[in-house]
Amino acid sequence: TSHMVKFGPGGARAFVSNSTSNDVASILLSSGEVRSIPAGERPEGSVLSQSGHELYVCNREGRKISVIDTAKQAIVAEIPTGNGPVRIGLTPDGKRLVYALIHDQAIGIADPAAREVIAQVKLGGRLVSLGISPDGRRAFASDEQSDTVYVVSIPEAKLLRTFKTPPGAGPDP
């Protein structure tokens, strides 16, 4: 199941998470050449580093973030997470990865340079999406089933606010 797409440096390659085959397809757009990169159990959301040299991929059932070197097209590191990382974002300064944990009903915050988790914030609900404010200070995670949005301070690693959207809205930041 091809699930999510990110474009690599300069838009030359597309990286596609394939959640049922447990890999990421690296597609050279000029020729259509495809390379399969094993990525862990059920890869889903991904985000590119500021330099474009690394792609961080959530492995929902693998309990980790795979770090793919976009030039080598290979995994070069892994960051252990909680249960069910599904969506991921990078703060504008490149210093924090923030990801939704669907099974732990939390968000995690990691240091991409140190390759380690620095915080986890319990929220409740099955978080299926995540967005980061343009200034990098807030994360927005949502539970589409309960129509709830959670606003988290990234620097303080704490829940700031929860609000409901209209019934059936299924918020997805």
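All of the numbers you see were taken from the coordinates with simple rules; none came from a lab. Quick caveat, the model's predicted, so the values are computed rather than measured. All Cβ positions, glycine included, derive from the backbone under ideal geometry; neighbour counts span all protein chains shown.
Points worth noting:
- Farthest towards the positive end of the charge dipole of segment 27-173, among the residues Ser46, Ile109, Ala74, is the Cα of Ile109, using unit charges on the Cβ of Lys, Arg, Asp and Glu.
- For segment 30-173, the relative contact order comes to 14 percent (Cα pairs under 8 Å, sequence separation of at least 6).
- Calculated mean projected area of the Cα convex hull in nm² (choose from (i) 9.4; (ii) 12.5; (iii) 14.6), label: (i)
- Here is the list for segment 116-173: GluC sites (Glu not before Pro) lying in DSSP coil, each with at most 15 other C-beta atoms within 10 angstrom of its C-beta, are Glu156.
- Segment 1-121, dipole about Cα centre (Lys/Arg Cβ +1, Asp/Glu Cβ -1), debye to the nearest 20: 120 debye
- Listed by chain and number, the lysines placed with their C-alpha closer than 20 angstrom to that of Lys6 are Lys64, Lys72, Lys95; residues fewer than eight positions away on the same chain are left out.
- Furthest towards positive pole of dipole, Ser153, Phe163, Ser142, structure part segment 134-173, Cβ charges: Ser153
- Listed by chain and number, the aspartates and glutamates whose C-alpha is less than 20 Å from the C-alpha of Lys122, apart from same-chain residues fewer than 8 away, are Glu61, Asp104, Asp111, Asp143, Glu144, Asp147, Glu156, Asp172.
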